[in-house]
1. Could you list, ordered by first residue, the pairs with Cβ atoms under 8 Å in which the first is in the stretch 259-274 and in the same structural domain as Q291 (by TED's automatic domain parsing) and the second is crowded, with 19+ Cβ neighbours inside 10 Å and among the aromatic types (F, W, Y), at least 6 apart or interchain?
2. Test of understanding: among L177, L201, L255, L197, which residue is modelled with pLDDT of 80 or more, touching a His at 6+ places or on another chain (Cβ under 8 Å) and closer than 30 Å to S159 by Cα?
3. Name the pairs: first residue in the stretch 128-157 and more than 28 Å from L255 (Cβ to Cβ), second residue within 14 Å of ligand 2 (Cβ to nearest atom), Cβ to Cβ under 7 Å, at least 6 apart or on different chains?
4. Quickly run through the stretch 40-92 and pick out the residues that are within 16 Å of ligand 1 (Cβ to nearest atom), at pLDDT 95 or above and basic (K, R).
5. Is it fair to say R287 is more than 20 Å from L148 (Cβ to Cβ), assigned by TED's automatic domain parsing to the domain that holds I166 and modelled with pLDDT of 95 or more?
6. Of these, L144, L134, L122, which one is within 12 Å of ligand 1 (Cβ to nearest atom), within 22 Å of V330 (Cα to Cα) and not β-branched (V, I, T)?
7. In the stretch 254-276, what count of residues is obtained for those that are in a helix (DSSP H, G or I) and closer than 16 Å to V293 by Cα?
8. Hey, can you tell me all the residues within the stretch 120-137 that are surrounded by fewer than 21 Cβ atoms within 10 Å (Cβ to Cβ) and more than 13 Å from K49 (Cα to Cα)?
Amino acid sequence: MTCFSVCFKQKASSPAKQNVGFKKACACNRASNGNSERNTENLSEENVKLYSYKELQLATENFNPRNKIGEGGFGSVYKGRLKDGSLAAIKVLSVESKQGVREFLTEIITISGMEHENLVKLYGCCAERDHRILVYGYVENNSLSQTLLGDGYSNIQFSWRTRTKICIGVARGLAFLHEEVRPHIIHRDIKPSNILLGKDLTAKISDFGLAKLFPDNLTHISTRVAGTIGYLAPEYAMQGQLTRKADVYGFGVLLLEIVSGRCNTNKRLPVEERYLLETAWKLYEKRELIQLVDMTLEGDFDMDEACRYLKIGLLCTQDMPKSRPAMSTVLKLLTGEMDLRKKKISRPAILSELTAVNSNTTSPAWGNLDKSSSQNRSTTYATMTFTSIYDRSN
Ligand SMILES: Nc1ncnc2c1ncn2[C@@H]1O[C@H](COP(=O)(O)OP(=O)(O)OP(=O)(O)O)[C@@H](O)[C@H]1O
Ligand SMILES: [Mg+2]
């Protein structure tokens, strides 16, 4: 049994005990994670607010379905108003989720106290009895998967400027996690449903549930694969090899989606056009990338910039991790501070090839996946990513 699970099995019956349990959990993490002294040194109940279950019950009208704003692989999310009047997104971890408790603790330790314009703020958590609940700042304008890429109606106008701002915001948030936070944090599940949009459509990266502290000098092999297919880097999907470059891959796919307004896979299209990455590569080879830009922009965009963004998307999804740029470089390429023409772009690692290999299930990494994920192989691995979209007007 890991140190994590031992610690987390402690039941906290009173707030005082809760804090002790939490402190112990942090200490265990420090001990089990050679280089993680720095990441937990400031961590105590002072920087993670512990909410009582009762307060969260009150905030959500006893978790009334009316206040439910969605459901992800780890449980349901409710909109709620906290005692101090602020709005929160309250994520109740499902008890059935085997991986959930670990994700929960990881999430708290990795993001508590972290402030960045492009990251969703974690206010605190509740770990009373069997409850595992995360309390986040409420982000007003839904996620990219519900707006730009959703089937339903959205009143947001995604102009070219808005799209560039979102891409740059996500790149900034990721560069911060990868290069400024110590030890580095790999998100592991960069995808449209994890990009929320703030009041002025500022991109906010959410869901650090899969993030993991990342000591500089360890072999970057993860014991299990988490993430969502379509955004998974091949080396991570096939060998469980996890580096920051896996997030760069996910970002590349996201970038193509934002510019094209298309999901990475669209089964309604003819086979040859189904996979966005494949389509982008074919158009790149024919020097016709511009055709991929979202038609709903009706030509109202900067052609050079749009092509540059699409090429950066291809560069981020290169087969070899070392051929993908670091996020700080991606940021400079996006803003034009760095010249993209010096970068060589080869054929990216393409999803359809990856899924063909996956269906043979020959890789050891797939062997680590739980049953629920293997049943959902066409869309998701290890995390179930089914999301219901609810009316958020109430
Ligand atoms: N801080 C937040 N503010 C507003 N809405 C949020 C917030 N966090 C999550 N949501 C919404 O709650 C819903 C469920 O989110 P959740 O993260 O549980 O699932 P997901 O991202 O769709 O899938 P996965 O579990 O694979 O990450 C999403 O629609 C998301 O937009
Ligand atoms: Mg999410």
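The values are calculated or read from the model by the stated rules, or taken from the named source; none is laboratory data. These numbers were taken from a predicted model, which means no experiment stands behind them. Cβ placement follows ideal geometry from the backbone for every residue including glycine, while neighbour counts extend to all protein chains displayed.
1. Within 8 Å, the pairs are V259/Y309; G261/F158; N264/Y231; N264/Y275; T265/Y275.
2. So the residue among L177, L201, L255, L197 that is modelled with pLDDT of 80 or more, touching a His at 6+ places or on another chain (Cβ under 8 Å) and closer than 30 Å to S159 by Cα is L177.
3. R132/L93; R132/G100; R132/F104; I133/I90; I133/K91; I133/V92; I133/L93; V135/I90
4. Within the stretch 40-92, R66, K68, K79, R81 qualify.
5. Here the answer is yes, as R287 does meet what is asked.
6. Step by step, each of L144, L134, L122 is checked, and only L144 is within 12 Å of ligand 1 (Cβ to nearest atom), within 22 Å of V330 (Cα to Cα) and not β-branched (V, I, T).
7. 9
8. R129, D130, H131
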